[in-house]
Each structure stands twice: as structure tokens, then as C-alpha cells.
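Worksheet: one structure, shown below.
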Amino acid sequence: MRKRIGMFLGLSVAAVLPANAATNLKLQCVARDLTPGAHVWVEVRPEYHQTAMAQGGQDSGVLQEAKGESVWQFDVPASGQVAPISHDFTFPVDLDRTRSDPVGFIKLKTRFRIDHPTGQDKVGYGEIYELTLAMPVPPGTAALSRCLRLREVGDKLTVETAADCLDSSFGRRRQVHLQPPHR
């Protein structure tokens, strides 16, 4: 069964997300506190978009989809922790902007599934979740990178994003708690 999360999140990360002088995005995926032996499948499709604030936030361009390997698959070790796994993406446009440019942002169209190792029914496991996370791309010249973290907290799966994969970089404001569909 597929669970669509009807959210488009404008995360409070403008101050920590640097722009890129070129066209690249380094995206890392990590997992914390998941059931040992669980199999995880994550797909992320980054898209760059611009909006003209002078036009009331109207779209000023087409979505520019990044190229790169978009699927992560891994088995959770006995510790329940998965170290960062990196994928590099390339956009067909330069993401470096000036202050007079329209507002730029990246959408991370995300789908994931976690399968329990013994096939036992566990809340949230075995479902496909879909959500879109959005990040502004402010003017600047630093390298563009982001970390996506899957985590289990009690009986809830959580998706978080931060500038890097250090545990200290994640905060409550950036969490999305996912509820499985009622059966």
C-alpha cells in the first residue's frame, strides 16, 4: 500500500543551506534507530525551481531535474545506525544566483520503504511513503550539500533534513513524523 504525504514543506533552513557556484548537489542519506536487519529503499529526485517574488510568488521558470543516481538501498546493521551514503547530482542550470534573481529553491521528491527483517508487522514498516521537502537556495558561492535522515522514534518513522549528517545538525523544526495508513 502506498502512503502519500500531502505536504510541501518550506523548511527553516535558509541560514544553513549554502548556494553553489556550479550545478552540483551532494545528497547524503543516513538512518538512525531502525530495526536491525531491516531493508531500506529510498528514492530522491532533486528539482531546482525559481519563483519571482515581485509577481506574488508566481513561478518564473520550469523545474530543472537533476541527473544522478537517485536510489539508496541498504540493510540496517545490528547497531540500528547507518553511516552516511552519498550521491552526487548535477542540475542543467547554474544554481549560483545574485540578490536580484528570483528566489531559487530545491525540491527533494522523496519516496521510501522500510521492510522488517522477519516480515513481522511493525507500525509503518512495509509501506511506501511519499513526501516533498523544499530548501531555499540563497545567493552565494559555497558548495551545495544536504543530508536526509530516516529515524524511528517510538512507533513513528521520522524524516529529517539538515545541512550535514552530524546528529547535532538535526533539530525538531525539521522533522516530519509519518503515520502509516489505517488498515
> How far apart, in nm, are two points set 7 Å out from the Cα along the Cα-to-Cβ line at residue 45 and at residue 168?
Replying inline: 3.8
> Once the other residues with Cβ under 10 Å from the Cβ of residue 92 are scored (Lys, Arg +1; Asp, Glu -1), what is the net sum?
Replying inline: -1
> Each residue of segment 145-154 in order: what ³J(HN,Hα) in whole Hz does its phi give by Karplus 6.51 cos²θ - 1.76 cosθ + 1.60, θ = phi - 60°, with x for Gly and Pro?
Replying inline: 8, 7, 10, 10, 10, 9, 8, 10, 10, x
>> For a quick check: with amide H placed at 1.01 Å from N, whose amide H comes under 5 Å from residue 144's, ignoring anything fewer than 5 positions away on the same chain?
In response: 26
>> Can you work out the Karplus-derived ³J(HN,Hα) for every residue in segment 105-115? Use 6.51 cos²θ - 1.76 cosθ + 1.60 with θ = phi - 60°, whole Hz, and x for glycine or proline.
In response: 8, 10, 9, 10, 6, 10, 10, 8, 8, 10, 9
> What residues qualify as long-range amide H neighbours of residue 37, i.e. H under 5 Å apart, gap of 5 or more or another chain, H built at 1.01 Å from N?
Replying inline: 76
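Throughout, read-outs are computed from the coordinates displayed, never taken from laboratory work. Computed from a predicted structure; not experimentally measured. Glycine gets a Cβ as well: all are built from the backbone with ideal geometry, and neighbour counts include every protein chain shown.
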